[in-house]
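Chemist: Got a structure for you, written out below as C-alpha cells; questions coming shortly.
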Amino acid sequence: MVAEPVPFTTRIPVLVSAADPLSRAGIVSQLRRAQGFGVVPDGDLPEDVVALVVTEELDDTVLAEMRALRGRGVRRIVLLVSRVDDRSLLAAAEAGVTGVVRRSEATAGNLSAAIRSASAGEGTLPPDLLGRLLRQVGQLQRQVLSPRGLTFSGLTEREAAVLRLLAEGYDTTEVGRRLFYSERTVKNIIHDVTSRLELRNRAHAVAYAIREGLI
C-alpha cells in the first residue's frame, strides 16, 4: 500500500514583493498551488512572515526596500535575483537577507525549500555564492574590523564582556571587580557602546545586545 502524503498543518505566511507584476503573479500562483504557504497582502504583517523579494539585480532601491521590511519587524527575507556580484552579496547580508535563490535556478522545489528554511531561521545560499561570501567576510574582518579591535557583532571583546555581566545583574562596581577594571573604565566602556550604537542608556545597551544576539 502506498502511503498518502501528509499535508502541512501550518501555513507559512509569505509576502511577495516584485516590481514586475507578471513575475509576482507567477510566483503567487506557484505558492498558492504548493502546500504549506499562505500569501499575505502588504499591510499589517504577521510576526513570522517570510518576505520573498524578486528582482533582476540588487540595486539601492531594492536594498532600501529590504531595510524598510526589517524596520517593520520582518526578520526573514529570501532574495530571488537574476544577477548578484560580490558587492551586492555582502550588501544583501547586511540588509538582513536569510536566503538567496537565482532566478535561473528557481524551481518550485528549491524556492519552497528556501522559504521553509527562512521560516525555520536557517539560511539558503548556492555553494558558489557561499564561498564568495565567506571570502568577503574574511577580508572585511582582516582589513576593517580587526585593526579597530572590533568583531562582526560590532562590539569589542571587552565591551561584550561588560554587557554580558550587566545582563546577569551585576552593577558597574561588581563588573569592574570581575574583569579587573576600575569602575570608571567600566562606565567609559558603557558610554562608548551607547554613543556608537546610538542607545539611550546601559539598560538599552543590554537589551539591544540580547535582542541582536551579540551576547
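Chemist: Report, in whole Å, the centroid distance computed from the Cα atoms of region 70-122 and region 176-203.
Modeler: 36
Chemist: Using r as the Cβ-Cβ distance of E122 and I210, and R0 as 25 Å, what FRET efficiency do you calculate, to the nearest 0.05?
Modeler: Efficiency for this residue pair is about 0.70.
Chemist: When all alpha-carbon pairs of region 150-211 are counted, what percent fall beyond 17 Å?
Modeler: Every Cα pair in region 150-211 considered, those over 17 Å come to 30 percent.
Chemist: Can you list the HN-Hα couplings for region 198-204, worked out from phi with the Karplus curve (6.51, -1.76, 1.60; θ = phi - 60°), rounded to whole Hz and with x for Gly and Pro?
Modeler: 6, 9, 6, 7, 5, 5, 5
Chemist: Gain in length, V39 to L22, computed as 0.36 nm per residue apart minus the alpha-carbon separation, to one decimal in nm?
Modeler: Residue separation times 0.36 nm, minus the Cα-Cα distance, leaves 4.5 nm.
Chemist: Around L69, under 11 Å between beta carbons, what's the net of Lys plus Arg minus Asp minus Glu among the other residues?
Modeler: Once all neighbours under 11 Å are counted, the net charge is +3.
Chemist: Which FRET efficiency value, to the nearest 0.05, do you get for R178 and Q30 by plugging their Cβ-Cβ distance into 1/(1 + (r/R0)^6) with R0 = 45 Å?
Modeler: Efficiency for this residue pair is about 0.20.
Chemist: While we're looking at this one, here's another question. To the nearest 0.05, how large is the calculated FRET efficiency for D59 and T185 if R₀ is 30 Å and r is the Cβ-Cβ distance?
Modeler: Calculated value: 0.10.
Chemist: Let me ask something additional. Would you please state which residues of region 19-55 a label at R75 would reach in this model, taking the label point 7 Å out along Cα→Cβ and a backbone N cut-off of under 12 Å?
Modeler: 47-49
Chemist: Separate question: Starting with the highest mean, order 80-87, 28-35, 203-210 by the number of other Cβ atoms within 10 Å, averaged over the residues of each peptide.
Modeler: Highest mean packing first, the order is 203-210, 80-87, 28-35.
Read-outs throughout are calculated quantities, based only on the coordinates presented, and are distinct from any laboratory measurement. Worth saying up front: this structure is predicted, and the values here are computed from it rather than measured. Ideal geometry is used to build each Cβ from the backbone, glycine not excepted, and the neighbour counts take in all protein chains shown.
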